[in-house]
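Encoded as structure tokens, the structure appears first; notes follow it.
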Amino acid sequence: MWPNVTAVVLFVVCVFPVYWMFSTAFKPTGDIISETPVWFPTDVTFEHFRTATDADHFWTYVRNSLTVTCLAVLFSLVIALAGSFALARMRFRGRRGFVIGFMLAQMAPWEVMVIAIYMIVRDASMLNSLVPLTAFYMMMILPFTVLTLRGFVAAVPKELEESAMVDGCTRAQAFRRVILPLLAPGLMSTSMFGFITAWNEFPLVLVLNKEAGGAQTLPLWLSSFQTQFGDDWGATMAASSLFAVPILILFVFLQRRAVSGLTAGAVKG
């Protein structure tokens, strides 16, 4: 009984802030500033969403966030596929050192390198640009992607690849036709992690892209969102809800397609 009660309590603690954010976005301003908390919206309004979407540069920042995040995830997956295959299948001098290096890079806090990154980007005259932001986001999620995909590649029986090569496939063709379809669960989980990490990243864009209306992203816009009347909590919660929607859509979309395991993939061919 107690484990179930504990699980329910933890669930409520974790979910309540999300519920409060979404519910506040639909509440009238009077309910939001009321001294007595309004737990359930009575008069649903979409005015806060209109205020958020009509704010200056909102859609520019949406485009910037989607562009930077999707490109970073795509590039990291392409590089990680090659790197994870090499670490899992090939034997070469320094292989263990590469794995340890990726682990150290994954454990290192990126915040301590912000100043060094800023100096590099500044000296390259690339401040307020999406290019360095995309590159560093890719570097942030690359170690985790490589290490995770390495485990998925190692879990695929080597005999499947060897059978394909006996049938006339090259190593590249065997990887594309046999290994790659079996890596679907790994690709989905790592892409989800990478998307969430890059989508929510804040300190780096705060340092590199300070110019408003340029190459900023949604997290930075949310932190400084104000109306002419000051802090508008309804519009802020509406904007935060819109910010969370892509993550929810990605999770629902990938979860339904990550149920098949490696064995099922091998049977399907």
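Taken together, the values in this text are just the output of simple stated rules run on the coordinates, not laboratory data. Here the structure is a predicted model, which means the values were calculated and not measured. Cβ sites come from the backbone with ideal geometry, for glycine too, and all protein chains shown count toward neighbours.
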Two pseudo-spin positions, 7 Å from Cα along C-beta at ASN200 and at VAL114, lie apart in nanometres by 1.7
Protection proxy (average C-beta count within 10 Å per residue), highest first, orders 54-64, 77-87 as 77-87, 54-64
Taking the chain and counting helices only, DSSP H stretches of n ≥ 4 at -39,500 (n - 2.57) each over all residues, the nearest-500 ellipticity at 222 nm comes to -23000 deg cm²/dmol
At the level of C-alpha centres, the distance separating segment 132-178 and segment 1-58, in angstrom, is 42
Taking r as the C-beta separation of PHE46 and SER223 and R0 as 25 Å, the FRET efficiency to the nearest 0.05 is 0.60
The relative contact order of segment 137-257, taking Cα pairs under 8 Å that sit 6 or more residues apart, comes to a percentage of 24
Restricting to Cα pairs under 8 Å and 6 or more apart, the percent relative contact order of the chain works out to 31
Taking Rh as the Kirkwood radius computed over alpha-carbon pairs of segment 115-248 and applying Stokes-Einstein at 10 °C with viscosity 1.306 mPa s, one gets a diffusion coefficient in µm² s⁻¹ of 88
With the label point 7 Å along the Cα-to-beta-carbon line of THR67 and a cut-off under 12 Å to each amide N, the hits in segment 111-146 are 129-134
For the chain, Rg(Cα) over 2.2 N^0.38 Å is 1.23
